[in-house]
């Protein structure tokens, strides 16, 4: 069951990759078990979150690629500012 | 296909996202101007026009001030309560209801709550008091100088790098506010002590909203902006019910009757009720767009776009109310709006909405 707000959980997952670029598809698969069934959860909505988190400098978009459906995607890594914000994650995580 | 072509596609997508942020900022301004005008119009409906609440305003007296405080806080309570309900409906429809609890359990969620206390009881009260004392057409431009304060704070807190153009825009906003304040009024209007009180209280809104914007944005970096707004409006409404109204009623009763609760219950069954519901709808969706813009376009730029409500407020006031705006008021409001646009538009920065060193 999901504990964190979706946007915060996305940041959390990217932080857990410890600098390895994370693909949007990977994130979606990771989040599926926790948030599937909620009206807010869709690939497009998750990408909106990613762009907003990127716009405010918490993550960085790197290594663009085309996925298996021919859609252009970014991979994401956390920034120093983003790492700093993970201090607000609940202690249980 | 190469990485370069993928990059080109993604740049286009990013530009679209940035434009959505700019659009959200403009919409927040238009809707807030409309909301302020409707809030001003609500004072023309029962129970505010009732003989029971009439006081003499010809000379300075505390009874009149107490009654105006009661009108304003009753209006603020109803506005934020309706806005909280409208936003909750919007979030439930979008399948985000569970995000309320999750967000409130995090520190960013608590920051949004703190921002709500600054933006609601401080900002909204100052704003409604301003509208009640000097009308929305004067209060709106004065409150619109809050981005000047916010831009300065954002420079230090978020390390935003603002180019000279932003600061020129901020100065224009401030000059426009001064012009509104010092400009002569229209025929039949006079600058009495209540005008000065209204202007001073309107500036209180600047402090509250600038602080709210910064705190909420910091929290929203990790939260859904629609949920952050839902929390903001609900916390503000609850704070009014539990703390602000009882304390203000208790304190102001030393000076004169301050029938906030009576007004609130009377308003439930009168024509003012749907007017406030409509104002809450406009205000709630203005906030939804504002919070989205803050998150997608950066604090200073989003606030600058939002602040064009100064112009929209005067325009709608001239169209929908009995106000006869002077040329100074229009120039002042236009100066604020132009300053805001100058702060916001820099095509080179559309791809990087918040500069972080």
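The values are calculated or read from the model by the stated rules, or taken from the named source; none is laboratory data. Given the structure is predicted, the values throughout are model-derived calculations rather than measurements. Here the Cβ positions follow ideal geometry from the backbone for every residue, glycine too, while neighbour counts run over all protein chains shown.
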Select, from B:40, B:36, B:21, the only residue that is in a helix (DSSP H, G or I), within 14 Å of another protein chain (Cβ to nearest Cβ), modelled with pLDDT of 75 or more and under 28 Å from residue B:288 (Cα atoms).
B:21
Kindly check whether there is at least one residue in the range B:205-222 that is modelled with pLDDT of 80 or more, more than 30 Å from residue B:93 (Cβ to Cβ) and surrounded by fewer than 19 Cβ atoms within 10 Å (Cβ to Cβ).
yes
Flag if residue B:55 is within 14 Å of residue B:279 (Cβ to Cβ) and away from chain A (no Cβ under 14 Å)
no
What do you reckon, is residue B:114 within 21 Å of the chain's Cα centre (by Cα) and buried (at least 24 other Cβ atoms within 10 Å of the Cβ)?
no
When you check residue B:29 against the structure, is it touching a residue at least 24 places away in the same chain (Cβ under 8 Å), outside any loop (DSSP other than H, G, I, E, B) and under 18 Å from residue B:289 (Cα atoms), yes or no?
yes
Does residue B:225 satisfy the criteria of being farther than 30 Å from residue B:103 by Cβ, crowded, with 19+ Cβ neighbours inside 10 Å and modelled with pLDDT of 80 or more?
no
Would you check if residue B:89 is over 22 Å from residue B:143 (Cβ atoms) and touching a strand residue (DSSP E or B) at 6+ places or on another chain (Cβ under 7 Å)?
no
Of all residues in the range A:71-93 being over 15 Å from the mean Cα position of the chain (by Cα) and more than 8 Å from every other protein chain (Cβ to nearest Cβ), which is modelled with the lowest pLDDT?
A:93
For the range B:91-163, which fully contained helices (runs of 4 or more DSSP H) count at least 1 residues that are within 14 Å of chain A (Cβ to nearest Cβ)?
B:97-104, B:107-117, B:146-157
Does residue B:258 satisfy the condition of being at pLDDT below 90, assigned to a helix (DSSP H, G or I) and away from chain A (no Cβ under 14 Å)?
no
How about the range A:34-69: which of its residues are on the phi > 0 side of the Ramachandran plot and more than 8 Å from chain B (Cβ to nearest Cβ)?
A:37
